[in-house]
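Peer 1: To start, I am sharing the structure in question, which I have written as C-alpha cells.
The values are calculated or read from the model by the stated rules, or taken from the named source; none is laboratory data. The structure displayed is predicted, hence computed values, not measured ones. Counting neighbours? That spans all protein chains shown, and the Cβs are built from the backbone with ideal geometry, glycine included. Calculation scope for accessible area: heavy atoms of the full protein, side chains included, ligands and nucleic acids excluded. Shrake-Rupley method; radii C 1.70, N 1.55, O 1.52, S 1.80 Å.
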Amino acid sequence: MAAAGRSRLGAPMYSQKELTSKKRDEFEDILEERRQSSDLRYAMKCYTPVIYKGLSACKPSAIKNSVLQSEQVQYVIKQLSKEMGESTDIIQEEAIEILDEMGHNLHIGAIRFFAFSLSKIFKRIFQRVCVNEEGIQKLQQAIQEHPVVLLPSHRSYIDFLMLSYLLYTHDLALPVIAAGMDFLGMKIVGELLRRSGAFFMRRTFGGNRLYWAVFAEYVKTMLRNGYAPIEFFLEGTRSRTAKTLTPKFGLLSIVMEPFFKREVFDTYLVPISISYERILEESLYAYELLGVPKPKESTSGLLKARKILSDNFGSIHVYFGQPVSLRTLASGRINRCPYNLVPRHLPQRLSEEIQEFVTDVAYKMELLQIENMVLSPWVLIASVLLQNLPAIDFELLVEKTLWLKGLTQAFGGFLEWPDNLCANKAVTSSLALHSNIVSLVNGQVVLNDVGMEDGATEELVFKQALSILMCGAYRNQLLNVFVRPSLVAVALQMTQSFRKEEIYSCFNFLRDIFSDEFIFFPGIALKDFEEGCFLLTKCDVIQVTPQEILVTERGNSVAVFLAALFRPFMEGYQIISRYLSKETKEAFTEKQFILGIRNFAFQLLEIGMFALCVGAVIPCVCNSLMSN
Amino acid sequence: FFFPLVKKNSLEPNPPLFTLILMEKLDSLNIVSLKIAFFRNITTTLSEEFLYIVSIYKAEFRQEILKWNGWGYNDSKFIFNKKGQAEFTGKRYRLSGMVLPVLKEWMEKSLGASLEHKITSRAFLNTSDVPPSIVNEEFLQDLRATKISYSQEAEDRVFRAHGHCLHEIFVLREGMFKRIPDIVVWPGCHDDVVKIVELACKHNLCIIPFGGGTSVSSALECPADERRTIVSLDTSQMNRILWIDEKNLTAHIEAGIIGQDLERQLGESGYCTGHEPDSMEFSSLGGWVATRASGMKKNIYGNIEDLVVHIKMVTPRGVIEKSCQVPRMSTGPDIHHFIMGSEGTLGVVTEVTIKIRPIPEYQKYGSVVFPNFDRGVACLREIAKQRCAPASIRLVDNAQFQFGHALKPQVASIFTSFLDGLKKFYITKFKGFDPNELCVATLLFEGDREKVLQHEKQVYDIAAKFGGLAAGEDNGQRGYMLTFVIAYLRDLGLDYYVIGESFETSVPWDRVIDLCRNVKERIVRECKEKGVQFAPFSTCRVTQTYDAGACVYFYFAFNYRGISDPIHVYEQIETAAREEILANGGSLSHHHGVGKLRKQWMKESISDVGLGMLKSVKEYVDPNNIFGNRNLL
C-alpha cells in the first residue's frame, strides 16, 4: 500500500498525542439536575442560544429556496438539461423534490417535545450522562466566532438525540444533522426527527449529479449562513464493533469547501467522543455481524424496542473536544491557485492536494475522538475475559483487570473508574450491568452460553459467537488505544527477531494490512512504530537499542497479552486469505463471499482450529474486501 | 513684474510660491539675472557660481514646504489644541483650520489611544547619524562638466532615501536608514538624463530615479548591501509642458511634473488629464508611468495605461520610444507595457505624451446610504454592469463611515446640527438602517450639466433598487476630501502609539464581499495573536469598479502600546493580510506596485515563465544593473 511511502506537504498535521498523562476536563452529570427538577418546566424553559456573529437569520424554507436559486444548483440543472434534452423546469421540479425529501424543518416545538420525553427516557435507562463542561464552554465560544461542524463518534442511534439534548440543556444552538434516509421510513418519527433538525441523505448518490449538487449546496448554504452547527458522523454509520470505522470523506469535503473557497473565514471542527458503558444496540449488532440482517427502521420496531426502557444501560460520557480551526490546519498546505482560476460556483474536482488534506483532517478528527473516548472498567474486564474463556476465577479477574487498568493508563487511555471505587466493587457492578453477557457462577465468571450444550454445531457456535461478539465489542474499545504497542508486540512475536529493522518492516506490513481496521494517520508508519516502542519501553516491556529491540523478562507476559489481544484479527484475516486462495475460483458477489466465508469458518471450527476467531471474522470480511 | 513674464508663456513652469521663495532668498541678487535664470536655454551664459545658487534653491524648493519626517505640507497637520480638541492646521484643505470635536473620542474608542501617552518624533534630522556620502572624484569631475546641479548634503540625501511606508516613516522619526543615496542629481531635461545615465555606466554607479517620493512599496529604499555609489536621480526639475496639441488632444510633458501642477497648468489652457491618484498633490507623471498608477476618475479618463500615447525612457542601452504618436498599433507586444510598472528598474522616464480633455463644464458630488455593505457592493456591481459608473464611485464600509463622522468639523449652526439629527433619525429610525451596519457610497459626476443630472438620476434609480437612499452632496464631498487628509492622520497616530497603513488589491466581483470580510477578520485575528492589546481599526472601501471586478482599498491601524517591536509586528500582520488577499483571489496590487515590499509574491503572481520574461528584459536593457533599486524582480 502506498500509505507508508506518501510524503505529505507542509507541517505534519498529526503529531502524536502527548504521552505524559495529561490533565483531562472534569465531567459533570447532567441527569442529576433532571432528577431534581421538573422535566416539563425544563422542556418549556426560555431557550435563547448564542448564535454565530455573522448569522443572517432565516427560516428553513428560505434556505431551501436559496439553495434552489443558487448558481451552483442552477448550473447543474442547466448542464443536465443540455445533456438530457429535458426542460430545465422538469429538472428543477426534481431538485425541489430532492430538497423536500432532504430538508430539515427545525422547530422549537419538536425540540421541546424531545427535551421532555428524552428526559424521561434517559433518566430511566441511564445512571449518569456526563459531559465535560469546559468543552461546552469552548463550543459556545466557537459557535459565535465561526461556522461549526460537530463530528461525534457513532456507536448508537442515541448519539445524535443525546447531542441535541445536551446542547439544548446548555442553551447552545441546536445542530442540523445529516441522517440516513432509513429514518424516513419511520412514520411520525421521521417527521419528528426532521423537525428536530435532522436532514436526510441517501446512502449512495455517487452517480446522481443533481442530487449531489443539491445536497452539497444545502449543507454549504447552512454552513455559510451560520444557520446552525452542522453535525454528521465521520464514520458514516454506527460502528457495530465499537472500533472506530475509517472515515468517509464526502460530507467532510463539502463542509470544508466554503473555507477553501474563502466563502467563510474559518470553520471549526469539533470532535466529540460519546462513550457508552453499555450500548443499547449491543445484541442487535451482534446478530447483524453474524449475518442476521439489520431490521429496517420502523416506528413499530421502535415501539417493540421499548422493553429496553426497563433495562439499565449505565453511564454515558460525552466529551466535547477542543474546536479545531480548519484555517490553522490548512495554513501552508493549500495551494490557492486552483480556487482562484475557476468561478466558485462551478463544480470542481478536488485536486489531489486537497483530497490528501481532507483525508488527513478526517483521520486527525477520528484520532481526536479516540483520544477522548472514555473507557469503563467493563472494557478491561471484557478484554481479560476473552483471553480466559470459557471461565475465569472472580479473584483472578479482579487482579488482572487491575493490572490492565495500570497498563491502559500508561498507554494514555482515558479511564473512568467510578469514584475511586475499590476494584472488587467496580468489577462486581460492571458484571451486574452486563448480566446479559456474563454471569458469576460459583466464584467463576462465565459467558452466558450455558444450557446450549446440545443442538446442531452451527447453532451452538452461533450462540457462543453472540456472547463473544458482544464482549468483543467492548474489548475493541481498548484496541484503539493499544493498537500501536500491540502491533509492535505482534511483530516481535511473528519475526522472532531482535533486529529493529526487521521488526519495523513487519510492523509496517501489519499496519498496512490493518489500515482499514484501525485508525492510523496516513503516512507516518515510522512515528507510529516509535510511539508503540516508546509505550512499551515506558512499561518496561522492551528495551530499545539503536539496532535491536529486546523483550524484558518481566515484559514477556505483557507482550503475550498484547499480541493475544489482536489474535482474532490476525486469524480473521488468515482465514479470509486461506479461503480466497483455496475455495474461490470465479468472480463472486459480496453476499456470496460472506456466506462462503462463514461456512468455511464453521468448517474450520469443527476441526477445532481457530477457536477464537469467529468474533472477528465478519467485520474483517468487509474490510479485507475493501483492501483487496 | 515677475509673474506676467511667466504667465505670458503658459507652457513655462509657473510655481508662484517657488518664485516667492527664490525672491526672498536671493534678495541681494540682481532680479534681472534671476529672471533669466528661469529660462534654461540661456542659463549657460550665467556665471557658474550663480547657477549653483539658483539650482540649490530650486532643488530645495519642494523640500522646504514638505515635512521631512511625515506626510505632506509642513503647515498642514492634525494637532490637539489647548482645549484637547483635534484641529487640522494650515490653509490648504477644506478641513484646514477647523476643529474636529469628535476625533479625540473616536481615537480613544476605536484605537484605545490616549492623549496622555504621547511619543514625539525628533524635531530635526541629526546629520551626524547620516551615512557619509561616498562618491569618487572622477565621477564628480565628469558631473560638474555637464553642469547638472547636484548635492551631497545629508538632508537632501535622506529626503530621497525613502517613500511613505510605515517603516520608512518610523525610521525617520527615531532611527536612521542603513543605506541612503550618496549624491542627488537634478537633471533639467531629457538630455541631462542621457548624460547622467552615460556617466553612471562609465563609472559603474547605481541610479535610483526619484519622482514625487510617495511610493508605498519600499521602492525608493536603497538596497543595504549596494557597494556602488548610489545616485538619486530627482526628476523634479523636468517639469515643463513642452507642447499641447489641441487637434489630437494630447500634451507632451516632462516626466518630473507633479500631478497638481500638471492639472493646474493644463487648466490654464482649458484642459485636464483627468488623472487624479490620491497622491496627486505630490506624485509625478514619471512615477505614475513607472508604477502603473490609477486615478480616482478613471471611469471617464482611464488609468495611466489608457492615457499614455507616447513614452520616452532613457536606459543604459539607450533611449526607448515609439516612432509615432498614434492611438493604437499592432507591432508586437506593446513596449509601453515593459515601461509601465517597471518601477525604475529599467531606466528613467523623461517625457510622456498624454491624452488631454477639455475641462468638464459641471461637477457634482453625491452620496448614497445602503443598509449594509453587501447591498452596497451589489449596487456597485449593477452600476458597473450597466456601464454607467460616474467619474468616481466608492463604497466605504461601516467602520470607515463612522470614521468619516469622526472627522466632521464643528457644526456652524444649530440649524445644521438639527438637520443632521433629522437625517440620522430618518435613516436609522424611519428607514430602519442599523447604524452599525449601514455604509455609504460617494459619487462624483462630471460632464455637461444636463448629462450629469440625467446620469445622476440613473445612478440613484439603480441605488434605490438596492435599498440605497440618497444622502446628499456634502457627504460625498467630505468622502473625497478624506482621502487627501487621511495620510496626514497617520502622523497624528504615530504621536500616540498608533501605527497604520493602507493597502489595496483588485478582485473579481463575486469575491469582493468575501475578500473584504476575510481580510479584515484576518487582521483582527493576527493582531490578537501577536499580542496587540487593543482591537485594531481595520476597514475597507471599494474604490474602483470595472467590468470584471473592483479595486478594494484597506486601512489598518492599531495601538502598539505594550509591544516592544511594533514595526516587526506590523509587518507580520501586513504580510498575513496580503496572504489572505491572495488566498481570496485578489491581486498582489492594483496600483501601488510591488517595489521591494511585495516582491516575495511575484513568482506566484505571474508564474515562473512570466518572471523569467521580465528578467530577460532587464538582462538585456540593463545588464550591469545600473538601475539597481532591486524592485519587482
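Peer 1: Please enumerate the residues belonging to region B:568-610 that are more than 23 Å from B:P508 (Cβ to Cβ), in contact with a helix residue (DSSP H, G or I) (Cβ under 8 Å, 6 or more places away or on another chain) and surrounded by fewer than 20 Cβ atoms within 10 Å (Cβ to Cβ).
Peer 2: B:E571, B:Q572 - these are the residues of region B:568-610 that are more than 23 Å from B:P508 (Cβ to Cβ), in contact with a helix residue (DSSP H, G or I) (Cβ under 8 Å, 6 or more places away or on another chain) and surrounded by fewer than 20 Cβ atoms within 10 Å (Cβ to Cβ).
Peer 1: Looking only at region B:299-314, count every residue that is open to solvent by 20 Å² or more (accessible area, probe 1.4 Å) and either among the hydroxyl-bearing types (S, T, Y) or under 15 Å from the mean Cα position of the chain (by Cα) (or both) and tell me the total.
Peer 2: Qualifying residue count for the region: 1.
Peer 1: Does any residue in region A:406-435 that is over 30 Å from A:L536 (Cα atoms) come within less than 7 Å, Cβ to Cβ, of a residue that is assigned to a loop (DSSP other than H, G, I, E, B) six or more places away or on a different chain, and which pairs are these?
Peer 2: A:L433/A:E277; A:L433/A:R278; A:L433/A:N312; A:L433/A:G314; A:H434/A:R278
Peer 1: On the given criteria, is A:L492 open to solvent by less than 30 Å² (accessible area, probe 1.4 Å) and either free of Cβ contacts under 8 Å to residues at least 12 places away in the same chain or not in a loop (DSSP other than H, G, I, E, B) (or both)?
Peer 2: When the stated conditions are applied, A:L492 passes them.
Peer 1: Could you tell me which numbered condition B:G344 fails, if it satisfies all but one of (1) buried (at least 24 other Cβ atoms within 10 Å of the Cβ); (2) over 28 Å from B:K195 (Cβ atoms)?
Peer 2: Here B:G344 clears every test but (2).
Peer 1: Condition test on A:R224, is it within 14 Å of chain B (Cβ to nearest Cβ), basic (K, R) and in contact (Cβ under 8 Å) with a residue 60 or more places away in the chain?
Peer 2: yes
Peer 1: Could we say that B:R173 is surrounded by fewer than 22 Cβ atoms within 10 Å (Cβ to Cβ) and basic (K, R) here?
Peer 2: Considered against the rule, which asks whether it is surrounded by fewer than 22 Cβ atoms within 10 Å (Cβ to Cβ) and basic (K, R), B:R173 comes out as yes.
Peer 1: So, one more: Take region B:483-517 and flag every residue that is out of contact with any Lys or Arg (no Cβ under 8 Å at 6 or more places or on another chain), of a type in the set (D, E, K, R) and within 11 Å of another protein chain (Cβ to nearest Cβ).
Peer 2: Once the filter is applied, which keeps residues that are out of contact with any Lys or Arg (no Cβ under 8 Å at 6 or more places or on another chain), of a type in the set (D, E, K, R) and within 11 Å of another protein chain (Cβ to nearest Cβ), region B:483-517 yields only B:R517.
Peer 1: Quick check on my filter: what residues within region A:190-223 are assigned to a helix (DSSP H, G or I), open to solvent by 30 Å² or more (accessible area, probe 1.4 Å) and within 30 Å of A:A43 (Cβ to Cβ)?
Peer 2: Those that are assigned to a helix (DSSP H, G or I), open to solvent by 30 Å² or more (accessible area, probe 1.4 Å) and within 30 Å of A:A43 (Cβ to Cβ): A:E191, A:L192, A:R195.
Peer 1: For region A:29-75, give me every one of the helices (runs of 4 or more DSSP H) that falls completely inside it and has 2 or more residues that are modelled with pLDDT of 85 or more and of a type in the set (V, I, T).
Peer 2: The qualifying helices (runs of 4 or more DSSP H) are A:60-69.
Peer 1: Quick one: how many residues across region A:59-71 are within 14 Å of chain B (Cβ to nearest Cβ) and either open to solvent by less than 30 Å² (accessible area, probe 1.4 Å) or hydrophobic (A, V, I, L, M, F, W, C) (or both)?
Peer 2: Qualifying residue count, region A:59-71: 1.
Peer 1: Yes or no: A:V438 at pLDDT below 90, buried (at least 17 other Cβ atoms within 10 Å of the Cβ) and either within 14 Å of chain B (Cβ to nearest Cβ) or over 21 Å from A:R155 (Cβ atoms) (or both)?
Peer 2: So A:V438 fails the test.
Peer 1: Could you tell me which residue of region B:522-551 is nearest to B:R578 (Cα to Cα), considering only residues that are open to solvent by less than 40 Å² (accessible area, probe 1.4 Å) and within 14 Å of another protein chain (Cβ to nearest Cβ)?
Peer 2: B:I523
Peer 1: Within region B:574-590, is there a residue that is more than 25 Å from A:S331 (Cβ to Cβ) and away from chain A (no Cβ under 12 Å)?
Peer 2: Yes, region B:574-590 has at least one match.
Peer 1: Among the residues of region A:229-241, is any in contact with a His (Cβ under 9 Å, 6 or more places away or on another chain) and not in a loop (DSSP other than H, G, I, E, B)?
Peer 2: No, the conditions are met nowhere in region A:229-241.
Peer 1: Can you name the number of the only condition in (1) hydrophobic (A, V, I, L, M, F, W, C); (2) in contact with a Leu (Cβ under 9 Å, 6 or more places away or on another chain); (3) open to solvent by 10 Å² or more (accessible area, probe 1.4 Å) that B:I253 fails?
Peer 2: B:I253 satisfies every listed condition except (3).
Peer 1: Same structure again: Look through region A:337-392, keep the residues that are open to solvent by less than 10 Å² (accessible area, probe 1.4 Å), of a type outside the set (S, T, N, Q) and within 22 Å of A:L466 (Cβ to Cβ), and return whichever of them is farthest from the other protein chains (Cβ to nearest Cβ).
Peer 2: Residue satisfying both the conditions and the ranking: A:I392.
Peer 1: Sort through B:L233, B:L205 and tell me the only one that's closer than 20 Å to B:G341 by Cα, open to solvent by less than 40 Å² (accessible area, probe 1.4 Å), in contact (Cβ under 8 Å) with a residue 12 or more places away in the chain and not polar (S, T, N, Q).
Peer 2: Of the residues listed, the single one that is closer than 20 Å to B:G341 by Cα, open to solvent by less than 40 Å² (accessible area, probe 1.4 Å), in contact (Cβ under 8 Å) with a residue 12 or more places away in the chain and not polar (S, T, N, Q) is B:L233.
Peer 1: In the set B:R387, B:R375, which member is part of a helix (DSSP H, G or I) and surrounded by fewer than 22 Cβ atoms within 10 Å (Cβ to Cβ)?
Peer 2: Answer to the selection: B:R375.
Peer 1: State the number of residues belonging to region A:319-336 that are assigned to a loop (DSSP other than H, G, I, E, B), open to solvent by 50 Å² or more (accessible area, probe 1.4 Å) and within 14 Å of chain B (Cβ to nearest Cβ).
Peer 2: 3
Peer 1: So B:N629 fits all but one of (1) of a type in the set (S, T, N, Q); (2) part of a loop (DSSP other than H, G, I, E, B); (3) within 14 Å of chain A (Cβ to nearest Cβ); what number is the exception?
Peer 2: Going through (1) of a type in the set (S, T, N, Q); (2) part of a loop (DSSP other than H, G, I, E, B); (3) within 14 Å of chain A (Cβ to nearest Cβ) one by one, B:N629 breaks only (3).
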